[in-house]
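Chemist: Handing you this structure, nothing more for now.
The values are calculated or read from the model by the stated rules, or taken from the named source; none is laboratory data. All values reported here derive from a predicted model rather than from experimental measurement. Positions of Cβ are backbone-derived with ideal geometry, glycine not excepted, and every protein chain shown enters the neighbour counts. These accessible areas exclude ligands, DNA and RNA; they are computed on the full protein's heavy atoms, side chains included. Shrake-Rupley method; radii C 1.70, N 1.55, O 1.52, S 1.80 Å.
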Amino acid sequence: MRTYCGVTAAIISGLGFCSPVVAQNLSTYGTPGLIDMPTAEVLPDGSLAMTTSGFQSTNRNTLTFQMLPWVYGSFRYGYLKDYFAGGSLYDRSFDIHFQLREETKNSPAIALGLRDFGGTGVYASEYIVVSKTFSDRFVVTGGMGWGRLAGRNSFTNPLAIFGDRFESRPDSNAGGIGNTGKLDFGNWFRGDAALFGGVRWDVNDRLSLLAEYSSDTYEAEDKTGIFEQNSPFNFGVNYRFKNGASLSGYYMYGSTLGAQLSYVFDPRKAVTPGGQGEAAPMLQPLDRVALASWNLPTDQRNHSGPSVDQVLRARLEDQGLRLVGYSHIGTNATVSIENNHFGANAQALGRAARVMANTLDPQVGGFTIILVRQGVPITSIQTARSDLTELETDIDGAWKSLARAEINDAPLSLQGGTFDGAFPHFGYRFGPYTRFSFFDPDQPFRYELGAEFQTNYVVQPGLTLSATLQAPIIGNLADTTRVSNSVLHHVRSDWALYAKSDFRITTMTAEYMWRPRPDFFARVTGGYLEEMYGGVSAELLWSPVGSRLALGGEINYVQQRDFDMLFGFQDYNVLTGHASAYYDLPGEYQAQIDVGRYLAGDVGATFALDRVFNNGFKVGAFFTLTDVSTDDFGEGSFDKGIRIEIPIAWMTGKPSRGTLTQVIRPVLRDGGARLNVRNRLFEYTQNERANRLTGQWGRYFR
């Protein structure tokens, strides 16, 4: 048995302090089920599950996300040893499962699902299944399957009553393993059907016993001699640990033993709940604030002491906030701040309001806080000073303060000018970097570790010079013998040649951002825009502060860089660009559509759906369809993938705006490839806009 459980085990170890989500059993396919057979169950809404399982010549690694209360999707990377004459198979596949009816006291749950509906077809199957719980301990499941799940004691498809086409099932591998990734609509629920079923007994909250009758005969594996099946019955035991991990052992098909490690967790619940950051400053009595030296009448001041704006800046810096603008008119004071510390901008707002209350003259009753990035105002928040004292200890204080606050679009430029010394501003970082690639066609895990130097020099509000330099030290990212066979220009598929660089200029750009008018943002960037391309990029975004809808447009003229990623260029250049629409759907979902021209000159659209939790944890999926045919695209047929963004604060409990981002593609080809320019305006501004702020307002008083 060959397994690749390092990634799953590492994540489980890292999440060891999380509490488990649910006493849910996952099958060897990494989805709610028995052993090999599915059930009608689902995970708690929003849950993520990671599973690695192994048995005779087979290993499966699966990521499952409960994207809706009644729908989960899975991405699987499997290894089948000596599967065909050419050697072993690294298989990538997607599943989707719909719970049509939730279980009630008197009726079972009913679900419909598709396995491997967009891959090689090795596991291609469909099913309808019912599950019912008895006496709170026994879960009985029965179902009917098609495709691979119709291998044993099959019978004529009941759906044939709707047409003769359902009686036969075309060969899903007719195009060969090289033509993978197509959606085999014409195969779904066609051909013979068979029954399967089983039972799970939850002995207690930790231990479960499982038994099932499998309709899968492992016909393809049996023909190649890598799997022997002597019985349709499987038996298993599952034990759930306190940290939420599960370990399972199986006796399968009367011939082999299997083992499985799983972890299910809720992205809403951080590894270290409550956080480990510094406590918010206590509100000072008004008389003490009034007697502070910088608030005394002119004839009583110590003129050698600090001014009010200097104190304000120092105290904001103590909270990890940078003061870039300050003005005081009558009984209202305005500060413009850059939050480079807190993952939740609502928390930064609460800290800034406390600092203002502890510093400014008591006669100042209105606070305006403008959230700024690189000197560009994004959103303005007005609050009353009295609300801080009144609501600080109120059990619903955070949400009452939100109801009283006013969130508006920011002014087009910094009000009252910039704080003395705010610009130019220089920042840098020197330290390690990591890069990972998961589940490519030849190797399940690739990595690169090295040293990185990043610098940002904000010359004036909106104008930034930046660079990122990298020196790889160790890794296997470039260790591949695969040569691109793409008939399109190799705009991405030569990635391994770029990875061979010993020292690289990852990016080196001049960027200017500004506000051309209310609700609009604009950006122009020039230089070495990303690892593979340099040129000029321009973008315009319309994003009203309280609107669910945002619209944008981007145009780029770029030239392909040399493989050494230094200063040279290759002969290829292209004009590329997209029109984009973004929409915040109810309940943490964000939809995005990008229509335009891609790097290889193909024209089409990218569709994406992300679930963005209030703590910044993001899970989503995307796919791109262009005028490149599936044959010209090559392996994979079209671009698609999963993306995950994990806030560092979620893992450490300490304030941070950093994130770990990973895009998982079954295969990287040249069709549907888009420029990876930094600081695209929607992603750059949305954490400061109203919808994200209100979702995180529970941290206002923290």
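Chemist: Largest first, how would Lys400, Lys618 line up by accessible area (1.4 Å probe)?
Modeler: Accessible-area ranking of Lys400, Lys618, largest first: Lys400, Lys618.
Chemist: Which entries in the list Lys81/Lys500; Lys269/Lys640; Lys269/Lys654; Lys500/Lys640; Lys269/Lys618 go over 18 Å, if you measure between the two C-alpha atoms of each?
Modeler: Violating the 18 Å Cα-Cα cut-off are Lys81/Lys500; Lys269/Lys640; Lys500/Lys640.
Chemist: Separate question: Sort Met651, Met252, Met144 from largest to smallest accessible area, using a 1.4 Å probe on the heavy atoms of the protein chains.
Modeler: Listed by decreasing accessible area, they come as Met651, Met144, Met252.
Chemist: Right, next: Relative contact order of the chain: what whole-number percent is it, with Cα pairs under 8 angstrom and at least 6 residues apart?
Modeler: Computed value for the chain: 10 percent relative contact order.
Chemist: So what are the ³J(HN,Hα) numbers for segment 146-154, from phi and the Karplus equation (6.51, -1.76, 1.60; θ = phi - 60°), rounded to whole Hz, Gly and Pro as x?
Modeler: 10, x, 4, 7, 10, x, 10, 6, 6
Chemist: Now for a separate question. Keeping all protein chains in place and using 1.4 angstrom, which order do Ile96, Ile329 fall into by accessible surface area, from largest down?
Modeler: Putting Ile96, Ile329 in descending order of accessible area: Ile329, Ile96.
Chemist: In addition: Can you bin segment 302-409 into rounded, prolate or oblate? Criterion: square roots of the alpha carbon gyration tensor eigenvalues sorted a ≥ b ≥ c, rounded for a/c under 1.5, prolate for a/b above b/c, oblate for the rest.
Modeler: Taking the square roots of the gyration eigenvalues as a ≥ b ≥ c, segment 302-409 is oblate.
Chemist: Counting Lys and Arg as +1 and Asp and Glu as -1, each charge on the Cβ, what is the dipole of segment 533-626 about the Cα centre in debye, to the nearest 20?
Modeler: About 260 debye.
Chemist: For Lys105 paired with Phe84, estimate the spin-label separation in nm (one decimal), with each label point 7 Å from Cα along the Cα-to-Cβ line.
Modeler: Once both label points are built, they end up 5.5 nm from each other.
Chemist: Given C-alpha coordinates of segment 462-526, what is the ratio Rg to Rh with the Kirkwood estimate of Rh?
Modeler: Radius of gyration over Kirkwood radius for segment 462-526 works out to 1.17.
Chemist: Using alpha carbons only, how many degrees (0 to 90, rounded to 10) separate the axis of helix 345-359 from the longest principal axis of the chain?
Modeler: 20 degrees
Chemist: Then there is this: If Lys and Arg each add +1 and Asp and Glu each add -1, what is the summed charge of the other residues whose beta carbon sits under 12 Å from the beta carbon of Asp202?
Modeler: +2
Chemist: Still on this structure, please answer the following. How much accessible area per residue does segment 415-513 have, counting only protein heavy atoms and a probe of 1.4 Å, in square angstrom?
Modeler: Result: 50 Å² of accessible area for each residue.
Chemist: I would also like to ask the following. Taking amide H atoms as placed 1.01 Å from N in the peptide plane, list the residues 5 or more away in sequence, or in a different chain, whose amide H sits under 5 Å from that of Ser47.
Modeler: The list, which skips near neighbours in sequence, is Gln66.
Chemist: Using a 1.4 Å probe on the protein heavy atoms, what percent of the accessible area of the chain belongs to carbon and sulfur?
Modeler: Percent of accessible area from carbon and sulfur atoms in the chain: 57.
Chemist: Given contacts defined as C-alpha pairs under 8 Å and at least six residues apart, what's the relative contact order of segment 427-554, whole-number percent?
Modeler: 16 percent
Chemist: Here's another thing I want to ask about it. Taking a temperature of 25 °C and a viscosity of 0.890 mPa s, what whole-number D in µm²/s does Stokes-Einstein yield for the chain with Rh from Kirkwood over alpha carbon pairs?
Modeler: 87 µm²/s
Chemist: Another question about this same structure. Between rounded, prolate and oblate, where does segment 640-690 land on the alpha carbon gyration tensor, with a ≥ b ≥ c its root eigenvalues, rounded for a/c under 1.5, else prolate if a/b exceeds b/c?
Modeler: Oblate shape, in that a/c is at least 1.5 and b/c is the bigger or equal ratio.
Chemist: In a shell of Cβ-Cβ distance under 10 Å around Gly462, excluding Gly462 itself, what net charge do Lys and Arg (+1) and Asp and Glu (-1) give?
Modeler: Net of charged neighbours comes to +2.
Chemist: Hey, rough spin-label estimate for Met651 and Asp287, points 7 angstrom out along Cα→Cβ, what's it come to in nanometres?
Modeler: Label at Met651, label at Asp287, 5.1 nm between them.
Chemist: Something else about it: Output ³J(HN,Hα) for segment 689-702: one whole-Hz value per residue in order, computed from phi by the Karplus curve 6.51 cos²θ - 1.76 cosθ + 1.60 with θ = phi - 60°, and x for Gly and Pro.
Modeler: For segment 689-702, the Karplus curve yields 8, 4, 4, 6, 4, 5, x, 9, 5, x, 9, 4, 9, 9 Hz.
Chemist: Determine the gain in length on full extension of the stretch Leu625-Tyr428; use 0.36 nm per residue of separation and subtract their C-alpha separation, reporting nm with one decimal.
Modeler: Net length gain for the segment: 67.0 nm.
Chemist: Before rounding to the nearest 500, sum -39500 (n - 2.57) across all DSSP H runs of length at least 4 in the chain and divide by the residue total; then give [θ] at 222 nm in deg cm²/dmol.
Modeler: That comes out to -3000 deg cm²/dmol.
Chemist: For Tyr572, which sequence-distant residues (separation of 5 or more, or a different chain) have an amide H within less than 5 Å of its own amide H, given hydrogens modelled in the peptide plane?
Modeler: Gln560
Chemist: May I pose another question? Can you spot the aspartates and glutamates whose alpha carbon is less than 19 Å from Lys105's alpha carbon? Ignore those fewer than 8 places along the same chain.
Modeler: The qualifying aspartates and glutamates are Glu41, Asp136, Asp202.
Chemist: Once fully extended, how much extra length lies between Ser135 and Asn573, figured as 0.36 nm per residue of separation less the alpha-carbon to alpha-carbon distance?
Modeler: 150.9 nm
Chemist: Counting other C-beta atoms within 10 Å, and keeping those with at most 12, which DSSP coil trypsin sites (Lys or Arg not before Pro) do you find in segment 45-106?
Modeler: Of the trypsin sites (Lys or Arg not before Pro), the ones in loops of segment 45-106 whose Cβ has at most 12 other Cβ atoms within 10 Å are Lys105.
Chemist: Which whole-number value in Å² is the accessible area per residue of segment 258-401, probe 1.4 Å?
Modeler: With the other protein chains kept in place, segment 258-401 gives 44 Å² per residue.
Chemist: To continue, here is another question. Report, for the chain, the % of DSSP beta bridges that are antiparallel, rounded to 5.
Modeler: 95 percent
Chemist: Would you mind checking the radius of gyration and Dmax of segment 613-667 based on alpha-carbon positions, in Å?
Modeler: For segment 613-667, the Cα-based Rg and Dmax read 15.8, 49 Å.
Chemist: I want the local charge near Gly397. Using Cβ-Cβ distances under 10 Å, sum +1 for each Lys or Arg and -1 for each Asp or Glu among the other residues.
Modeler: Taking every Cβ under 10 Å from that of Gly397, the sum is -4.
Chemist: Taking 0.36 nm per intervening residue step and subtracting the Cα-Cα distance, what contour gain separates Ala478 from Glu390 on full extension?
Modeler: Taking Ala478 through Glu390 to full extension adds about 25.7 nm, to one decimal.
Chemist: Along segment 93-108, what does the Karplus equation 6.51 cos²θ - 1.76 cosθ + 1.60 (θ = phi - 60°) give for ³J(HN,Hα), rounded to whole Hz, x for Gly and Pro?
Modeler: Per residue, the Karplus-derived 3J(HN,Hα) values read 8, 10, 10, 8, 9, 10, 8, 7, 8, 7, 5, 10, 4, 10, 9, x Hz.
Chemist: So, one more: By the gyration tensor of its Cα atoms, with a ≥ b ≥ c the square roots of the eigenvalues, what is the shape of segment 372-487: rounded for a/c under 1.5, prolate for a/b over b/c, or oblate?
Modeler: Note, shape of segment 372-487 comes out prolate.
Chemist: Can you give me the angle between helix 308-318 and the longest principal axis of the chain, using Cα atoms only, in degrees from 0 to 90, rounded to the nearest 10?
Modeler: Relative to the chain, helix 308-318 is tipped by roughly 20 degrees.
Chemist: How much accessible surface area, in Å² rounded to 10, belongs to the heavy atoms of Glu531 with a 1.4 Å probe?
Modeler: Rounded to the nearest 10, that gives 50 Å².
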